[in-house]
């Protein structure tokens, strides 16, 4: 099987036939706050949206467009203002973003997807945005990925970007992407915003199925604070510019494509968990020995959403009792006396609550930036992973002054 290669400094325009740009247009702070991602030709469109019932105007508009058209040429996204809970005015402004992008790029409005992120309940400075869109259209470049990645950030401390490649029939196929997310992360689809592009030749229905599966095993397995955003959106475009034969389900080429896409979404998801607001540690929770994968995921998610677990890890305290408690309220009907637990490489708890190792030997390993919590339920052979971060005083400071 052909190997998947990580591309150094890769991003959302590493795949052939994509351009992007990101600039400051005056939405909130003096930072880049609007971006356009454009395909040279209409691309197959895959998308997954938030399950929050209070959804923002751009999500409403983009969901409608996705329902009516399975191709997309351009994505326009702004940060600093979510355009959520803004009523009729917000809907009008969202449509104005679509119209301005379609006009500036000379593409049909139904080929434009829009996204927003930032403060809820404030109206967009739509004239600034329209002016910014017109300017972006003149700046689009295959080298603009870093600017776009910066433009979609809010409280993120670093841009999240990746690209990988592999070969089909002697030709290179690339998948790349950017994402943003730092707080308000407990996705029921994806993180706050993620945009992925590929020059793969794949039919839209299969792209959607594969994208949805990758989301389920990556963005849907992270949590920072247990909040699902009003603006969550993950979008993927595949324009076929690689010139390879069409990727067909069930073939080795499809397996390779699926693995590469999952690698991209997983790495972006882990970047988001690592960059949780105020976070100092990335926590991976690996649960095995479950009857089903869903059972393993329920346990892992319960641990990952426990504020007591997250604060203990921040305090570098090997308090395994908090982990056992989180497993106990996960909703899985299990026998806790069969549970085995490890922290990093150290077995901490054996069956029947047997203490395997002195906690003082475990504690130094919790000073690391990457923490692994491993759980064996000893019920079956299924497993699942989940990623989260520690919970710190800085998280409170950031969110106490988010609008100021």
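The values are calculated or read from the model by the stated rules, or taken from the named source; none is laboratory data. The structure displayed is predicted, hence computed values, not measured ones. For neighbour counting, all protein chains shown are included, and Cβ atoms are generated from backbone atoms with ideal geometry for every residue, glycine included.
Within region 1-41, the set of residues being assigned to a strand (DSSP E or B), surrounded by fewer than 18 Cβ atoms within 10 Å (Cβ to Cβ) and over 20 Å from the mean Cα position of the chain (by Cα) comprises 5, 40, 41.
Can you find a residue in region 374-381 that is within 20 Å of residue 317 (Cβ to Cβ), at pLDDT 95 or above and surrounded by 17 or more Cβ atoms within 10 Å (Cβ to Cβ)?
Residues of region 374-381 that are within 20 Å of residue 317 (Cβ to Cβ), as a first pass: 374-375.
Checking the rest, the ones that are also at pLDDT 95 or above come to 374-375.
From the residues that got through so far, the ones that are surrounded by 17 or more Cβ atoms within 10 Å (Cβ to Cβ) too are 374-375.
Among the residues of region 374-381, at least one is within 20 Å of residue 317 (Cβ to Cβ), at pLDDT 95 or above and surrounded by 17 or more Cβ atoms within 10 Å (Cβ to Cβ), which makes the answer yes.
Close contacts from region 110-128, counting a first residue that is outside the structural domain of residue 229 (by TED's automatic domain parsing) and a second that is at pLDDT 95 or above and buried (at least 17 other Cβ atoms within 10 Å of the Cβ), with Cβ to Cβ under 9 Å and a gap of 6+ residues or different chains, come to none at all.
Name the one entry in 290, 300, 260 that is buried (at least 18 other Cβ atoms within 10 Å of the Cβ), in contact (Cβ under 8 Å) with a residue 60 or more places away in the chain, out of contact with any helix residue (DSSP H, G or I) (no Cβ under 7 Å at 6 or more places or on another chain) and over 27 Å from residue 37 (Cα atoms). Working first, answer last.
Working: 290 fails: out of contact with any helix residue (DSSP H, G or I) (no Cβ under 7 Å at 6 or more places or on another chain); 260 fails: over 27 Å from residue 37 (Cα atoms).
Of 290, 300, 260, the one residue that is buried (at least 18 other Cβ atoms within 10 Å of the Cβ), in contact (Cβ under 8 Å) with a residue 60 or more places away in the chain, out of contact with any helix residue (DSSP H, G or I) (no Cβ under 7 Å at 6 or more places or on another chain) and over 27 Å from residue 37 (Cα atoms) is 300.
Answer yes or no: is there a residue in region 181-204 that is surrounded by fewer than 18 Cβ atoms within 10 Å (Cβ to Cβ), under 23 Å from residue 65 (Cβ atoms) and modelled with pLDDT of 95 or more. Yes, region 181-204 has at least one match. Among the residues in region 126-141, are any within 21 Å of residue 194 (Cα to Cα) and exposed (fewer than 15 other Cβ atoms within 10 Å of the Cβ)? Within region 126-141, one or more residues are within 21 Å of residue 194 (Cα to Cα) and exposed (fewer than 15 other Cβ atoms within 10 Å of the Cβ). Quickly run through region 63-82 and pick out the residues that are farther than 24 Å from residue 157 by Cβ and crowded, with 24+ Cβ neighbours inside 10 Å. Answer for region 63-82, where residues must be farther than 24 Å from residue 157 by Cβ and crowded, with 24+ Cβ neighbours inside 10 Å: 72, 73, 74, 76.
Residue 244: outside any helix (DSSP H, G or I) and either buried (at least 22 other Cβ atoms within 10 Å of the Cβ) or touching a strand residue (DSSP E or B) at 6+ places or on another chain (Cβ under 7 Å) (or both), yes or no?
On the way: outside any helix (DSSP H, G or I): yes; either buried (at least 22 other Cβ atoms within 10 Å of the Cβ) or touching a strand residue (DSSP E or B) at 6+ places or on another chain (Cβ under 7 Å) (or both): yes.
Judged against the criteria, residue 244 is a match.
One residue is enough: does region 197-208 have a residue meeting the conditions touching a residue at least 60 places away in the same chain (Cβ under 8 Å), closer than 19 Å to residue 301 by Cα and in a helix (DSSP H, G or I)? No, region 197-208 contains no residue that is touching a residue at least 60 places away in the same chain (Cβ under 8 Å), closer than 19 Å to residue 301 by Cα and in a helix (DSSP H, G or I). Identification of strands (runs of 3 or more DSSP E) wholly contained in region 337-404 with 2 or more residues that are assigned by TED's automatic domain parsing to the domain that holds residue 290 and closer than 30 Å to residue 122 by Cα yields 382-389.
If you scan region 151-165, which residues turn out to be over 13 Å from the mean Cα position of the chain (by Cα) and either modelled with pLDDT of 95 or more or crowded, with 24+ Cβ neighbours inside 10 Å (or both)? Spell out how you get there, then give the answer.
Here is the first cut: in region 151-165, the ones over 13 Å from the mean Cα position of the chain (by Cα) are 151, 154-155, 157-158, 163-165.
Of everything in region 151-165, those that are over 13 Å from the mean Cα position of the chain (by Cα) and either modelled with pLDDT of 95 or more or crowded, with 24+ Cβ neighbours inside 10 Å (or both) turn out to be 151, 154, 163, 164, 165.
For region 323-331, the count of residues that are under 26 Å from residue 278 (Cβ atoms), in contact (Cβ under 8 Å) with a residue 40 or more places away in the chain and touching a helix residue (DSSP H, G or I) at 6+ places or on another chain (Cβ under 8 Å) is at least one.
Taking the stated definitions as given, is residue 207 farther than 30 Å from residue 119 by Cβ and at pLDDT 95 or above? Please lay out each step first, then the result.
Details: farther than 30 Å from residue 119 by Cβ: yes; at pLDDT 95 or above: yes.
Judged against the criteria, residue 207 is a match.
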